[in-house]
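In what follows, a structure is listed as structure tokens, so that the remarks can point back to it.
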Amino acid sequence: MSEEQQQSVNEYRAQRIVNLRKLEELGFEPYGRAFERTRLSEVRAGFEEDKKVRAAGRLMTIRRMGKASFATISDGTANFQIFIKKDLLSETLFEGFKHLDLGDFIGVEGRLFTTRAGEPTIEVHSWSFLGKAILQPPEKFHGLQDVEERYRKRYLDLMMNPESRDRFNKRSAILAEIRNFLHARGFIEVETPMMQAQAGGAAAKPFYTHHNALDTEMVMRIAPELYLKRLIVGGFDKIFELGKNFRNEGIDRTHNPEFTVLEVYEAYGDRTSMKAIIEGLLPHLCEKVLGRLTVEYGEAKEILDFTPPYREIAYKDAVKEMMGQDWFDLTVQQARAKAEAQGLEIDPAWDHLLITHEVYDKLVEKTLRQPTFVTRVPRQFVPLAKACADDPELVDVFEFVVAGKELCPGYTEQNDPEAQRKAFADQVGEDTEKIDEDFITALEHGMPPTGGLGMGIDRLVMMLTGTEVIRDVILFPQLKKLQTPSRQ
RNA sequence: UGGACCAUAGCUCAGUCGGUAGAGCACGACACUUUUAAUGUUGGGGUCGUGGGUUCGAUUCCCACUGGUCCAACCA
């Protein structure tokens, strides 16, 4: 292929292939070999003048000045400047450097020194070619800004945008520290089916799939809860699962169809033992991952303080704070008028309870900025939990709310099989075949009093990294498939 | 699923009250042995998301579609 033809296909790509061929002519292997090296973060941390180092990375910038050049390499842990000088290299290595492009991988060997401008730098005495990039990286200063491209081509986002890489490093650290925290308290990690015969443990539309050999319909789980409780029946006393749930619902800035959840169950515990876990786990994560107990959240840089203990307030008291102490003495008509005066749309068929819940959802929750446990919730809204000991109309749960959003419910779990069956029946209505009879049977074998909680990990990561968009904490968020390329 | 907005060079962005487009980075050439968004000179690069309509003429106006963003409804 002539050079003109190559350039008509894609000038930039062709130019890089020309450089690749020239490197091959000089005796370089085009895609390299393993290279023993020290991570750049460690080179930086252990910097000593004149120390010999071997390091490797992707070329991020090159500043060529005739017989000397500076470049920056990145290995994902840090950036580091390297210095190339004609006097210090063989003719082949100096000539070869001219044919390197941004995005290529090299390994370097040399001496640490500090430039006149004060920049720690590797003076390169020898280098190896570790791999060619035949496509250009995005713009070096602004990085990759296009929101859609950052999700579809996450590798470019991670390559160019350090804040994105940092966010996913934090996500990994959060997951590791959740495990450390729970293991240290005697919890074991378990795995339960993500493909189930029926979708239980929550109210959401599932994804359906089909098993060929069994010739049977299956659903992707919407929650692991019913399997985890079977394990409590089986005698595991402290368990957790960290895994994906799948819900066939809308996608927006706080919802992805597959999302990661932590569920924890503790036999012989209840809501208060779950509360203790939250008040231990969140400060632990803040300390280990962020090194402090406060987070700057969102564009407004709101300060969230995770220093325990956290505020606890009864559901009804939270509503009274917003709507007045006489709220629960009002008639339905008075309550509706008062709610509508606050700008809510109230269905005329709603009773006092539903109006109250609308008030809580639309007005109260968003005002709970600092970590708060909302307790003693009307049983109609949480059918699978156990009633409060002193009031059968309220269930013994908490909703843990941070920055105006529900982060994590905690329960005193239902262990009465008859009450559980009734709650299922109310939930499914006519579809009695959707009741998980095997689960009821398990409860009939006896389940100890148990506390449980379920935390959305994506939202937790959002909270702790100050991110307001769930897609920014999920490496490959769900997007529509491209039918025709929107751009080339 | 409804409403508003967006899509221009590989990337980051200007722009055209309708006469087929510019900058910076990146890329090619030349110069330069401590630069760091290197610098100086110079050159190339675009069916302006896709399809239709109006028009002498559409990247620009209108319609549909595709993808995205935000808002509203469902879910965590």
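Couple of notes before you dig in:
- Modelled spin-label separation between residue A:33 and residue A:299, with each label point placed 7 Å from Cα along the Cα-to-Cβ direction: 5.3 nm.
- A protection proxy built from the mean count of other Cβ atoms within 10 Å ranks the segments A:131-141, A:227-237, A:41-51, most packed first, as A:227-237, A:131-141, A:41-51.
- Lysines whose Cα lies under 25 Å from that of residue A:434, excluding same-chain neighbours fewer than 8 positions away: A:205, A:229, A:244, A:386, A:422
- Cα-only Debye scattering, the range A:5-67: base-10 log of I(q)/I(0) at q = 0.16, 0.19, 0.21 Å⁻¹: -0.84, -1.00, -1.07
- Quarter the surface of the alpha carbon convex hull of the range A:307-439 and you get the mean projected area, 9.9 square nanometres.
- Close amide-amide hydrogen proximity is noted between residue A:368 and A:404, each under 5 Å apart and 5 or more residues distant or on a separate chain (H modeled in the peptide plane; Pro and chain starts excluded).
- Of A:322, A:463, the sequence from fewest to most neighbouring Cβ atoms within 10 angstrom is A:322, A:463.
- Förster-model FRET efficiency, 45 Å R0, residue A:215 and residue A:251, C-beta, rounded to 0.05: 0.90
- Against the compact-protein benchmark of 2.2 N^0.38 Å, the Cα-based radius of gyration of chain A scales to 1.26.
- Relative intensity, log₁₀ I(q)/I(0), of the range A:245-343 from a Debye sum that treats every alpha carbon as a point, q = 0.15, 0.16 Å⁻¹: -1.07, -1.11
- A simple count of charges around residue A:284, restricted to other residues whose Cβ falls under 11 Å of its Cβ and scoring Lys, Arg +1 and Asp, Glu -1, yields -1.
- Note, ³J(HN,Hα) from phi for the range A:176-187, Karplus 6.51, -1.76, 1.60, rounded to Hz, x at Gly and Pro: 5, 6, 4, 5, 4, 4, 6, 4, 5, 9, x, 7
- Computed over the range A:328-390, the convex hull of the alpha-carbon atoms projects to a mean area of 5.6 nm².
- Long-range amide H partners of residue A:302 with built H, under 5 Å: A:297
- Label-point separation, residue A:134 to residue A:362 (7 Å along Cα→Cβ), nm: 5.9 nm
- Gained length - residue A:18 relative to residue A:353, 0.36 nm times residue gap less alpha-carbon distance: 113.3 nm
- Per the Cα gyration tensor, the range A:116-195 maps to an equivalent ellipsoid with semi-axes of 36, 22, 15 Å, ordered largest to smallest.
- 10 Å beta-carbon shell around residue A:297, net charge (K/R +1, D/E -1): -2
- For q = 0.13, 0.16, 0.26 Å⁻¹, Debye-computed log10 I/I(0) when each Cα of the range A:146-230 counts as one equal scatterer: -0.77, -0.92, -1.09
- Environment charge of residue A:117, counting only residues whose C-beta is closer than 15 Å and scoring Lys/Arg +1, Asp/Glu -1: 0
- Karplus-derived HN-Hα couplings along the range A:12-18 (A = 6.51, B = -1.76, C = 1.60, θ = phi - 60°), whole Hz, x at Gly and Pro: 6, 4, 4, 4, 5, 5, 4
- Taking all Cα-Cα distances within the range A:184-308, those exceeding 16 Å account for 71%.
- Computed from backbone phi, the HN-Hα couplings of the range A:362-378 come to 8, 10, 6, 4, 5, 8, 8, 8, 6, x, 9, 9, 9, 10, 6, 9, x Hz, rounded to whole numbers (Karplus: 6.51 cos²θ - 1.76 cosθ + 1.60, θ = phi - 60°; Gly and Pro given as x).
Laboratory data are not the source of any read-out in this text; all were calculated from the coordinates shown. No experiment lies behind these values; they were computed from the predicted model shown. Cβ atoms come from the backbone with ideal geometry, glycine included; neighbour counts cover every protein chain shown.
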